[in-house]
Amino acid sequence: MNKVVFRNCDENSECWVALERLFQTEWSDFLFVDTYKPESKLPPVIVALRDNQVIGGLAYSRFKEPHCDSEVIWFNAVYVSPDWRGQGIASELINRGVSQVSAATQSNLYAYTNVPSLYESLGWLVVDIESEPNHKVMKVSL
């Protein structure tokens, strides 16, 4: 039995399309082309693989920083296939994702999530800002 492997992935990788499709099972309008443009200067997408199958991943975007005017890097999507949940894969994706964002470019990293308890368990804090029901903006210091 093979373990879960985490890799960086770009538009030239065979995992790119598979991960986009996986994200679309949760967010039907998700497209990498909407956020991964050359001028975006985003960290690489992270993919979780098991037996060479994409079972999860993390992608970034740029969005306005809460209570500020500047655009910063956010987690745009963090997702693990339902069959693979509860094994620490999302936590590992989040931790690896944080390590890819430079404190030289921004002081906090943000995520908009419907599972704030996962982020809180990893040391993230809730941002006091209006959100949809059952969603929170989370931040972690870099």
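The values are calculated or read from the model by the stated rules, or taken from the named source; none is laboratory data. Computed from a predicted model, the values in this text were never measured in an experiment. With ideal geometry, Cβ positions are generated from the backbone for all residues, glycine too; neighbour counts draw on all protein chains shown. Surface areas here come from the heavy atoms of the whole protein model, side chains and all, with no ligands, DNA or RNA. Shrake-Rupley method; radii C 1.70, N 1.55, O 1.52, S 1.80 Å.
Screening segment 35-51 for residues that are without any contact (Cβ under 8 Å) to a residue 12 or more places away in the chain and not in a helix (DSSP H, G or I) and picking the one that is nearest to S121 (Cα to Cα) gives K41. The single residue among Q100, Q106 that is open to solvent by 30 Å² or more (accessible area, probe 1.4 Å), farther than 24 Å from N134 by Cβ and polar (S, T, N, Q) turns out to be Q100.
Taken over segment 104-137, residues that are outside any loop (DSSP other than H, G, I, E, B) and of a type outside the set (S, T, N, Q) amount to 12.
The test for being open to solvent by less than 20 Å² (accessible area, probe 1.4 Å), in contact with a Cys (Cβ under 6 Å, 6 or more places away or on another chain) and either within 19 Å of Y112 (Cβ to Cβ) or not aromatic (F, W, Y) (or both) holds for V45.
Among the residues making up segment 77-95, those that are part of a helix (DSSP H, G or I) and open to solvent by less than 60 Å² (accessible area, probe 1.4 Å) are I89, A90, S91, L93, I94.
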